[in-house]
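Bear in mind that the values in this text are calculations on the coordinates, not laboratory data. Model, not experiment: these values are computed from the prediction. Positions of Cβ are generated from backbone atoms using ideal geometry, with glycine treated the same way; all protein chains shown enter the neighbour counts.
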Amino acid sequence: MPTTRRQFLSLAGGVTAAGMIPIVTLRPLHATPAMLNTAIRNVVGEAPIRTGRVKLDIPPLVENGNTVPVTVSVASPMTADDHVKSIHIFNEKNPQPNIGNFYLGPSSGRAQVATRIRLADTQKVVAIARLSDDTFWQVAADVVVTLAACTEEMN
Amino acid sequence: MAALINVPAKARRGDVIEIRTLTSHIMETGFRHTVDGKLVPRDIITSFTCRYNGAEIFRADLFPAIAANPYLSFFTVAKESGKFEFEWIGDNGYSSTASASITVE
């Protein structure tokens, strides 16, 4: 029996739908703000997070999300009594909310790290610092991304 | 693997010096698909460590959101002459090391 146009279309539609569902359920395209909060709480625990002391240098407008320069610095004397233990960077809308954890100490001399990151969308980037007295400080920056990273097809 | 390390050759005791490292690695996120829909498996560097004369001075956990060919910049106090050792560890048993010397006066 020859396939009619209607049969073909319904079959094709069914295949497309069947193909779509596993992708959607297995792999959410973007992390959500809730995932960002969970990732932050995994690092911070129940401790309160205060705003300030941390500086996040990131371009506000990014043409290529595949490599975005980021510098995080913290106002700290970096002495044995008062230093930054770690710096954590998070994002809001990449497939995964973590970007990097950086562990420093009094021998670091200066509480500053720099790296290059990927951003899959226009979104918020958050940097959190843990000080030696186990207080947490954060800063957030909004970044507009015109060419997204991570999720494109590979040729 | 190829790594670029930037450490000052000389420093005065007590100086805060910047260390910059760049290593070649694809940092495949594990979130990309090929044109025929197959997931490209994750292949990233997950951990970086820097030791100064044997003592750890800096460590980083890296995630897929770190760009390909990971670049890291951090600081340390020049305490004594000696050697910095760098180690990158990643998926599929990836491991790479590099070192640099410094003279502290």
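Miscellaneous remarks
- Average other protein chain Cβ within 10 Å of Cβ, residues A:44-56: 0
- DSSP finds beta bridges in the range A:62-114, and of those with both partners inside it, around 100 percent are antiparallel.
- Averaged over residues, the count of other Cβ atoms within 10 Å places the peptides B:82-95, A:86-99 in the sequence A:86-99, B:82-95, highest first.
- 22 Å Cα cut-off, lysine pairs counted over the protein assembly as shown (separation 8 or more, or different chains): 7
- Relative contact order of chain B, taken over Cα pairs closer than 8 Å and 6 or more residues apart, is 33 percent.
- With all projection directions averaged, the alpha carbon convex hull of the range A:31-77 covers 5.0 nm².
- Shape call, the range A:91-155: gyration tensor on alpha carbons, a/c limit 1.5: prolate
- DSSP finds beta bridges in the range A:30-147, and of those with both partners inside it, around 85 percent are antiparallel.
- For the range A:30-147, the Kirkwood hydrodynamic radius from C-alpha pairs, put into Stokes-Einstein at 25 °C and a viscosity of 0.890 mPa s, yields a diffusion coefficient of 171 µm² per second.
- Binned Cα-Cα distance frequencies in the protein assembly as shown - 10 Å width, integer %: 7, 27, 31, 20, 8, 4, 2, 1, 0
- Computed over the Cα atoms of the range B:3-104, pair by distinct pair, the Kirkwood hydrodynamic radius stands at 14.7 angstrom.
- If the chain linking B:ALA9 and B:THR103 were pulled fully straight, counting 0.36 nm for each residue of separation and taking away their Cα-Cα distance, it would gain 33.2 nm.
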